[in-house]
Every structure is written in C-alpha cells, then in structure tokens.
Amino acid sequence: MIEDDQRLAGMVVTYLGQNGFDVQHAATAREGMDKLREGPASAPFSIILLDLMLPDADGLDVCRQIRAQSSAIANTPIIMLTARGEPMDKVVGLELGADDYLAKPFEPRELLARLRALLRRQQATAIASSSAARVLRFGRLELGLDARTVKLDGQERMVTAYQFNLLAAMAERAGHVLSREQLLDALKGEALDAFDRSIDVHIGRLRTVIEDDPKQPKRIITVRGAGYVFAKVQDA
C-alpha cells in the first residue's frame with residue numbers, strides 16, 4: 001500500500017490483516033517503488049493500493065512508472081485510491097493502467113470486496129494455466145485465454161489485467177449484446193453502481209489496442225442504449 005495518510009494506512013493494514021492479508025505500507029512514492037523492486041520473486045505482491053496524492057509524486061505518474069517496469073511488477077493489479085473524486089482523475093488513472101479505483105472516504109468492507117474480486121480472477125487464471133491452452137480467434141485478432149495474451153496480426157498487444165478480463169468476457173459471448181451491468185457482474189462477481197463509467201473507459205482503451213480505427217470500431221461495437229457487442233465475424 002502506497003499511502004501518505006498514516007491514520008488511513010494504519011486502519012487498512014489492521015483491517016486487512018484481520019481478514020488474512022499481509023500488507024506492506026510505504027508512505028512515499030519512492031519508498032513504494034523501492035519495496036516493489038526489492039520484493040522477493042518467490043512471493044511477489046498480489047495487488048498494489050496506490051494513493052493518487054503523494055508528498056513526493058503524483059499517483060498517476062507512479063502508476064505510469066509501475067506499468068513501464070520490465071519485470072513482473074508491471075502486470076500487478078492496481079487499485080487507485082483518490083480523495084479528489086474528480087471523474088477525469090479516475091479516467092486518466094484507468095487509461096494509464098489502473099485496474100480499479102476507490103474514492104475516499106471508503107468503507108473497509110468495500111475495499112476488501114474489491115481485493116477479493118481481483119484475487120478470485122488471479123486464482124481462476126492460475127487454475128486455467130494447468131489445462132490445455134485455449135485460444136479464441138476472430139480474423140486477425142487472437143485471444144489466448146490461458147496465456148492471457150492479445151495478438152493482432154501476430155503481434156502481441158499490451159493490456160492490463162482488468163482490460164484482458166473485460167475483453168475475454170465479451171469475446172466468450174461474441175455476437176451477444178452485453179450491458180454495462182452484465183459486464184460489471186462478470187468482472188467483479190457483485191452488483192455495483194449501474195452508472196459506473198469505468199467500463200466505458202476500458203472499452204475506449206481496448207479499442208486503441210485492437211481496432212484499426214478506434215473512432216470507427218468494427219470489433220467492439222456500441223449498441224446505443226443497450227451496451228456493447230463483440231463482433232462474432234470480423235475481417236480476415
């Protein structure tokens with residue numbers, strides 16, 4: 001957890017510790033990055049809780065640094081904590097690679113629920129990796145469900161863990177219109193605010209990765225007033 005509010009950090013460390021989590025706390029961006037880089041390879045961090053406003057750096061810059069690492073740290077899920085509450089801060093954070101966000105003040109139980117949801121997805125991935133590799137192909141686009149890879153024209157494209165799960169949820173239901181509520185339920189395993197716009201932000205990011213022209217998408221199509229549909233038949 002990278003958070004300069006000692007009182008909040010203490011509360012989170014205690015509460016999560018009571019619920020089976022081993023939490024390491026850093027009060028500055030520099031200390032947090034040092035902990036991430038020095039962490040043992042045999043026991044890497046499962047999730048990063050990242051405050052948006054730190055005394056020595058902007059949380060958005062820290063998120064960018066984490067995603068730019070050449071090690072496994074780059075793929076660690078990030079939950080961004082923000083006190084500013086500005087929609088644009090959340091949008092930018094998601095675009096930079098955060099997997100989720102939580103506005104302060106928050107209920108510890110909600111944080112715990114979000115952490116468990118991310119860990120459930122990681123566990124499902126680990127179980128799947130022990131079975132035969134599954135690959136979905138849609139024309140020039142290839143989605144490796146077990147290897148968690150996205151390839152377009154044979155070239156791997158980088159997406160966050162949350163964005164891969166979102167893409168996989170749509171690809172496995174190709175041809176079916178899915179509402180935001182259905183996608184949120186599929187990703188988090190729990191009902192959330194029906195007006196949560198984080199799905200739209202991640203869809204926009206995915207389009208920049210897999211569409212030839214993100215402004216005229218042919219793979220992830222918006223169905224006005226209903227949601228999104230992943231095209232079952234795509235150009236070869």
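Quick rundown of the values:
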quantity: Residues of region 68-104 classified as closer than 11 Å to residue 52 by Cβ and among the acidic types (Asp, Glu), total; calculated: 2
quantity: Filtered residue count, region 8-20, keeping only those that are buried (at least 17 other Cβ atoms within 10 Å of the Cβ) and either in contact (Cβ under 8 Å) with a residue 24 or more places away in the chain or not β-branched (Val, Ile, Thr) (or both); calculated: 4
quantity: Test: residue 1 is of a type outside the set (Ser, Thr, Tyr), in contact (Cβ under 8 Å) with a residue 40 or more places away in the chain, farther than 15 Å from residue 96 by Cβ and outside the structural domain of residue 107 (by TED's automatic domain parsing); calculated: yes
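Residues checked against (1) in contact with an Asp or Glu (Cβ under 6 Å, 6 or more places away or on another chain); (2) within 28 Å of residue 199 (Cβ to Cβ):
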site: 10; (1), (2): no, no
site: 17; (1), (2): no, no
site: 25; (1), (2): no, no
site: 28; (1), (2): yes, no
site: 38; (1), (2): no, no
site: 61; (1), (2): no, yes
site: 82; (1), (2): yes, yes
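The values are calculated or read from the model by the stated rules, or taken from the named source; none is laboratory data. Predicted, not measured: the structure shown is a model, and the values here were computed from it. Positions of Cβ are generated from backbone atoms using ideal geometry, with glycine treated the same way; all protein chains shown enter the neighbour counts.
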